[in-house]
Amino acid sequence: MALLLLAACGLIGAVLVELLLGRLINSGAIRRPEINLTIEIAAPRSAVWAYASDIARQPEWMHEMKRVEMLTPPPVQPGSRGRATVRIFGISTTDDVVITQFDPPSTFAIRHEGKFVGEGLLRFTEIDATHTRIDWMEYLRPPLFANIGGFVQRPILGGIFRSDLRHLKRILEEGSTAS
């Protein structure tokens, strides 16, 4: 009986924290738990864009993406739909996405419509003729306790995505993008 009471109190507490976080985010008192990363790559923007925006090749540099397919015919454009199999910590899920922006060679954005909803945005900025900066924003809301879960998962996913960007940098700077 005591264990049941403790569990009920924990659940009520989590619901209250979830509601409070939602209210604080909606009022602008705190920022939503998005992930923002930046990396500089010693390669021209055209080469960085060509490789990173090639959806079929994204599993080569995104370790957690195991498989990806486009569900709509080419060319890739806003409204194009895709599906990826993603595995994090041994847990696989399907991530259905819609391309919301595709502006070569500067912007690639998606909306996640799977179990984890949200959005992702990659911006490619030319620093000079041989260097490119990528700014990556990712916002994912888990299916349960979305606000609490968002804050809990942010450092974990941030580390994973940071590793993906470093892998992309290595691939592009070593010139190993040939098929």
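Below is a table of values for the structure above.
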read-out	value
Restricting the stretch 83-104 to residues that are under 20 Å from D54 (Cα atoms) and hydrophobic (A, V, I, L, M, F, W, C), the residue that is modelled with the lowest pLDDT	V86
Pick from the stretch 133-145, criterion over 15 Å from R31 (Cβ atoms) and either of a type in the set (A, V, I, L, M) or at pLDDT below 95 (or both), ranking: surrounded by the most Cβ atoms within 10 Å (Cβ to Cβ)	I134
Subset of the stretch 112-124 that is closer than 24 Å to I88 by Cα and surrounded by fewer than 17 Cβ atoms within 10 Å (Cβ to Cβ) - its residue that is modelled with the highest pLDDT	E113
Neighbours by Cβ (under 8 Å, 6+ apart or cross-chain): first from the stretch 137-159, free of Cβ contacts under 8 Å to residues at least 24 places away in the same chain and on the phi < 0 side of the Ramachandran plot; second assigned to a strand (DSSP E or B) and among the basic types (K, R)	G149/R141
Residue in the stretch 93-105 that is in contact (Cβ under 8 Å) with a residue 60 or more places away in the chain and over 14 Å from the mean Cα position of the chain (by Cα) present	yes
Any hit, the stretch 83-92, residues being within 15 Å of the chain's Cα centre (by Cα), surrounded by 15 or more Cβ atoms within 10 Å (Cβ to Cβ), polar (S, T, N, Q) and not assigned by TED's automatic domain parsing to the domain that holds L21	yes
Complete set of residues in the stretch 40-82 that are among the hydroxyl-bearing types (S, T, Y), within 25 Å of T130 (Cα to Cα) and surrounded by 15 or more Cβ atoms within 10 Å (Cβ to Cβ)	Y51, S53
R170 surrounded by fewer than 15 Cβ atoms within 10 Å (Cβ to Cβ), not assigned by TED's automatic domain parsing to the domain that holds I25 and not acidic (D, E)	yes
Selection status of A129, at pLDDT 90 or above, surrounded by fewer than 17 Cβ atoms within 10 Å (Cβ to Cβ) and hydrophobic (A, V, I, L, M, F, W, C)	yes
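The values are calculated or read from the model by the stated rules, or taken from the named source; none is laboratory data. Note that the structure is a prediction, hence the values are computed from the model and not measured. Here Cβ is always computed from backbone atoms with ideal geometry, including for glycine, and neighbour counts include all displayed protein chains.
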